[in-house]
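The values are calculated or read from the model by the stated rules, or taken from the named source; none is laboratory data. Given the structure is predicted, the values throughout are model-derived calculations rather than measurements. Don't worry about glycine lacking a Cβ; one is built from the backbone with ideal geometry, like all the others, and counts go over all protein chains shown.
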Amino acid sequence: MISPSSEYTLLSDLQSLLTEHSDKYEIEIGDDAAVRKGGNADQVILTTDLCVENVHFKLEWMSMREVGYKSMVTNLSDCASMGASPESALVQLVFPKNDPDLNEHIRELYRGFNEACTKWKFPIVGGDLSAGDHWVIGITLVGNVPFQSRTLKRKGAHTGDKLWVSGMPGRSAAGLAILSNWKRDSAEARKFKDCVDAHIRPVPRIELGMELRENCKIHAMMDLSDGLAKDARTMAFENNCGIILDIDTSHIPSYMLESAKELQTAPLDWIIQGGEEYELLFAASPAFQAASLPPLIGATCICIGEFTDNQTGLWLKQQQELWEIKSGGWNHV
């Protein structure tokens, strides 16, 4: 099978260079998070993410507090994808040494971190600071899964499983397009605030992840952060099968349709190619029903495709025809 992305290939190459392994870890490199075996204790989940100025965020349309909040919840989404709850965080911060308001900007950043920590009830327990040329935020998150529960992995899907997602993908891409075309304080940004919020203030699905880990009808899961074109293709590759996307466009919110019309963009492009959703992408038995979940959680889940052994890779079904999606989404390398 062809590798799903150049990033995937690079990570596989790097993994082959590392000869030291530990039998204390169930999962090392290669999933949304590493998993330390718990013995007779909880399983420990370890994950880390970087947020780099002008790559992951722009200060022309985000405050430092918003940057702090978003950089923390991107890690929480990886935690959620394993079915884990957050336990603690470490923060590594590189700041621009010539910033005249440096101390206040760092304080605002930490207020954003604290907003996420307070909401999901976990502390920052340490970290490091260094001067540099621009803002770089690295966060390492420790989570846990109870001893008698399981961690969900990218592998485990079966042929005939349905592909589900929490929330409609593409809203964050719509928000980015709005911010890129109009200023944050513009009438358009206020009009399409739901899209802008999806990009700037994503909501990690911690509670959903914990519900899904206890449901035997859920077979595999990963964080949707780099767009369906990449992440669904990665999930197909990991499970040695194909995925056929069959997206019910009636689920697309009206505000997303209206913003696409004003920007002369096809909303399906945002849905397929977008990124930074921080939703959960999961494989479930055909017997799974979102109605079996608590109402406020289950209502967010949408079935968007099926796993198949008829072809490998990622395909989109439109008007009874199949179109292969060979590339796309956000690639880090």
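Things to note:
- Residue ranges of strands (runs of 3 or more DSSP E) in the range 73-148 with at least 1 members loosely packed, with under 15 Cβ neighbours inside 10 Å and modelled with pLDDT under 90: 124-132
- Condition met for Ile271 (under 15 Å from Ala173 (Cβ atoms) and either of a type outside the set (S, T, N, Q) or not in a loop (DSSP other than H, G, I, E, B) (or both)): yes
- Of all residues in the range 239-266, those satisfying the criterion of being part of a helix (DSSP H, G or I) and either surrounded by fewer than 16 Cβ atoms within 10 Å (Cβ to Cβ) or not small (Gly, Ala, Ser) (or both) are Thr249, Ser250, His251, Ser254, Tyr255, Met256, Leu257, Glu258, Lys261, Glu262.
- Residue match in the range 242-251 (condition: polar (S, T, N, Q), modelled with pLDDT of 95 or more and in the same structural domain as Gly167 (by TED's automatic domain parsing)): no
- Scanning the range 202-218 for residues that are part of a loop (DSSP other than H, G, I, E, B) and either surrounded by 17 or more Cβ atoms within 10 Å (Cβ to Cβ) or within 13 Å of the chain's Cα centre (by Cα) (or both) yields a total of 4.
- Residue list for the range 277-317, restricted to those being in a loop (DSSP other than H, G, I, E, B) and under 21 Å from Asp194 (Cβ atoms): Glu277, Tyr278, Ala299, Thr300
- Tabulated pairs, the range 248-260, first over 22 Å from Ser180 (Cβ atoms), second buried (at least 16 other Cβ atoms within 10 Å of the Cβ), C-beta under 6 angstrom, 6+ apart or interchain: His251/Met168; His251/Ile302
- Selection within the range 272-294 - of a type in the set (Gly, Ala, Ser) and within 14 Å of the chain's Cα centre (by Cα): Gly274, Gly275
- Residue check for Thr48: among the polar types (S, T, N, Q), in contact with a Pro (Cβ under 9 Å, 6 or more places away or on another chain) and not assigned by TED's automatic domain parsing to the domain that holds Ala173: no
- Restricted to the range 282-328, and to residues there that are in contact with a strand residue (DSSP E or B) (Cβ under 8 Å, 6 or more places away or on another chain) and among the acidic types (Asp, Glu), the residue that is farthest from Asn239 (Cα to Cα) is Glu324.
- Considering the conditions (1) part of a helix (DSSP H, G or I); (2) farther than 27 Å from Ile297 by Cα, His199 is excluded by exactly one of them, (2).
- Enumeration of residues in the range 156-187 that are surrounded by fewer than 16 Cβ atoms within 10 Å (Cβ to Cβ), at negative phi and either of a type in the set (Gly, Ala, Ser) or touching a Ser or Thr at 6+ places or on another chain (Cβ under 9 Å) (or both): His158, Thr159, Ser180, Ser186, Ala187
- Per the listing Lys217, Lys230, Lys183, the residue uniquely of a type in the set (Lys, Arg), touching a residue at least 24 places away in the same chain (Cβ under 8 Å) and more than 29 Å from Glu262 (Cβ to Cβ) is Lys217.
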